[in-house]
Structures are given as structure tokens and as C-alpha cells.
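Here the structure comes first, spelled out in C-alpha cells, and everything after it is commentary.
The values are calculated or read from the model by the stated rules, or taken from the named source; none is laboratory data. This one's a predicted model, so the numbers in the text were calculated from it and none came from an experiment. Here the Cβ is made from the backbone with ideal geometry for all residues, glycine too, and neighbour counts use every protein chain on show. Remember, those area values only see protein heavy atoms, side chains included, never the ligands or the DNA or RNA. Shrake-Rupley method; radii C 1.70, N 1.55, O 1.52, S 1.80 Å.
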Amino acid sequence: MVYWQLFLAFFRIGIFGFGGGPTMVPLFYTECVKKYKWVTDEDFSDNLALANALPGPIATKLAAFIGYRVKGWMGALVANIAVVLPLVLVMIGLLQVIYRWKDAPGVYGMIQAIGPVIAVMTGVLTWEFLVKGWKGAANKTGVSLSLGLSLVALLFLDWHPGIVVGIALVVSFAYSTWFVRKRRKKDSKEGAA
């Protein structure tokens, strides 16, 4: 039954995720966090950041992570097949139609109308992550500084988002390692005293 749920959830993501990664992320969130509760908000956001930093399509990386979390290697395989299968089938069919009718006003208008929908879906998900991150942050100054530096790097320095995410991962890892070592030293000194 769980394999069937995995297949259906990721098949729906594959069908409705027109446009690739940006449109699929909110669908992944809805299916895997809200509907089936296979992963928590924190796990999803952490793995989304990691998936963005790694090369390749985000859909297959998130499907593999969540499928593996739910049912191991077989779950990862089922999730990846399910998320890719509708894309392959629909792409083969639609490419024939689009190439034949690409200059027709209705088809052109449909393709152009998808952009704003993607922007709104991505904006809503980003806002939800910002609100949850802000509420859960122990150090609001650090979050504000990270957000500000990221915006400057993306908007004014025109850095690639992957570079910004990679730097954030390295800085976060270094800070958390330093913080854990500092806490261990403090605990060992208190234990010795």
C-alpha cells in the first residue's frame, strides 16, 4: 500500500509539475509534508537546500530522498520512476502537438500564461519557509544577516543561486561544528570541576 501511495504521490507531482523544478517544489511540499507527512518541514527545507546545491534535476533528487526515507532503496526507485514517467510520456506527446501548432494564438497564450503561476507558487512557498525559519531561529540577527547577504549576492553581485547556497552550507557547517566543539569544551570543563 505504501508503494502505491508513493507512486501516486510522485506521479501527480510529475503530471502537474509543468515547467520543472520551480513548479514541482510546492507540489513536493504539499504531497510529502502536508498530505502524507512522510517528512517534516525542517527535513524538507534542509534537503531542498542540499538538492539545490547538487547538480541535476531537483525532482529526481527530492523523489529519491523522500522515497528512501519512506521505504528504503525500493521506495527511492518507485518514487523516481513515478516522478519521471509522466514527464516522459507527456513530453513525447506534447512535443508533437507543440511543434505542429506552436504559432497558433491559443497554444502560444497558454505557454505564456504559465510563467506568472510559477512565480506565485514559488513566492508562497518562499514566504512560508521564511516565516517558519524566522519563528524557529534562536539568533534573529544571524538570520537577518544571512538573508541580507544572500539578497545582495543574488541581486546586486549577480551570483548564481547554487554558489550562494553552497556558501551558506559551508558557513552553516563551519558554525555548527564550532558551536558543538565550544559546547563540548564547556561541558567537559564543568564535568571536571
May I ask you to list the residues in segment 155-167 that are farther than 20 Å from Gly21 by Cβ and either within 18 Å of the chain's Cα centre (by Cα) or modelled with pLDDT under 85 (or both)?
Ile167
Name the residue, out of Leu27, Leu50, that is in a helix (DSSP H, G or I), open to solvent by 30 Å² or more (accessible area, probe 1.4 Å) and under 15 Å from Val165 (Cβ atoms).
Leu50
Can you confirm whether Ile118 is open to solvent by less than 60 Å² (accessible area, probe 1.4 Å) and in a helix (DSSP H, G or I)?
yes
State all residues of segment 168-193 that are among the hydrophobic types (A, V, I, L, M, F, W, C), at pLDDT 85 or above and either in contact with a Leu (Cβ under 6 Å, 6 or more places away or on another chain) or open to solvent by less than 80 Å² (accessible area, probe 1.4 Å) (or both); if no residue qualifies, say none.
Ala174
Looking at segment 24-41 only, could you name the residues that are over 10 Å from the mean Cα position of the chain (by Cα) and in contact (Cβ under 8 Å) with a residue 60 or more places away in the chain?
Asp41
Scan (1) surrounded by 15 or more Cβ atoms within 10 Å (Cβ to Cβ); (2) within 24 Å of Val165 (Cβ to Cβ); (3) among the small types (Gly, Ala, Ser) for the single condition Gly20 breaks and write down its number.
(1)
Look at Val78 and say whether it is within 19 Å of Ser45 (Cβ to Cβ) and either without any contact (Cβ under 8 Å) to a residue 12 or more places away in the chain or assigned to a helix (DSSP H, G or I) (or both).
no
Looking at segment 121-135, I want the residues that are in a helix (DSSP H, G or I) and have a partner that is of a type in the set (Lys, Arg) with Cβ atoms under 8 Å, at least 6 apart or on another chain. Which pairs are those?
Trp134/Lys140
